[in-house]
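J.: Sending over a structure as structure tokens; questions will come in a sec.
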Amino acid sequence: MNINEQIKCAVRALDAKLALDINVLKIEEISTLAEYFIICTGNSNTHVRTLKEAVEQKFDEAEIAPHHIEGHGGSWVLMDYGSIIIHIFTDEGRKFYQLDKVWADATALSVDDMIKE
């Protein structure tokens, strides 16, 4: 599975579990951390955990292992898949850390196109 397929897989898994405000940022031109960030919001700590598990399941099925996962079910879960880093927040956590604003220079990709394909 190439990186574009991985992004679509993650976005679709998050959307299927009703993640809010999914944002995909292409950061490779402004950072060495990763090529892409996927940022989304869950309604509660339980929803954040559900979103994390949905992505894990889809990536496990595709035999894609994470490098590291932090924050198993709190207000912020970080899933590091190397080229893709997925941030799943509660609304409060997302407002506090403001990653969308911190990475405002990144190129935003159309999530709607990924979900509709």
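J.: Considering only the stretch 7-63, state which residues are more than 17 Å from Ile85 (Cα to Cα), of a type in the set (S, T, N, Q) and in contact with a Leu (Cβ under 8 Å, 6 or more places away or on another chain).
T.: The one that is more than 17 Å from Ile85 (Cα to Cα), of a type in the set (S, T, N, Q) and in contact with a Leu (Cβ under 8 Å, 6 or more places away or on another chain): Asn43.
Residue-by-condition table, conditions (1) open to solvent by less than 70 Å² (accessible area, probe 1.4 Å); (2) assigned to a loop (DSSP other than H, G, I, E, B); (3) over 15 Å from Asp21 (Cβ atoms); (4) of a type in the set (Ser, Thr, Tyr):
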position	(1), (2), (3), (4)
Gln57	no, no, yes, no
Ile69	yes, no, yes, no
Met79	yes, no, yes, no
Gly82	yes, yes, yes, no
Ile86	yes, no, no, no
Phe89	yes, no, no, no
Asp113	no, no, yes, no
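J.: Run down Lys26, Lys58 and say which single residue is touching a helix residue (DSSP H, G or I) at 6+ places or on another chain (Cβ under 6 Å) and within 20 Å of Asn2 (Cβ to Cβ).
T.: Lys58
J.: Now, a different point. Identify the single condition in (1) modelled with pLDDT of 95 or more; (2) assigned to a loop (DSSP other than H, G, I, E, B); (3) not small (Gly, Ala, Ser) that Glu28 does not satisfy, given that it satisfies every other one.
T.: (1)
J.: Still on this structure: Of the residues Lys58, Lys8, only one is in contact with a Cys (Cβ under 6 Å, 6 or more places away or on another chain), of a type outside the set (A, V, I, L, M, F, W, C) and at pLDDT 95 or above; which?
T.: Unique residue meeting the criteria: Lys58.
The values are calculated or read from the model by the stated rules, or taken from the named source; none is laboratory data. Just so we're clear, the structure is a prediction, and the values are computed from it rather than from any experiment. Because the Cβ atoms are built from the backbone with ideal geometry, glycine has one as well, and the counts that use them run over all protein chains shown. Only protein heavy atoms, including side chains, enter the accessible area calculation; ligands, DNA and RNA are left aside. Shrake-Rupley method; radii C 1.70, N 1.55, O 1.52, S 1.80 Å.
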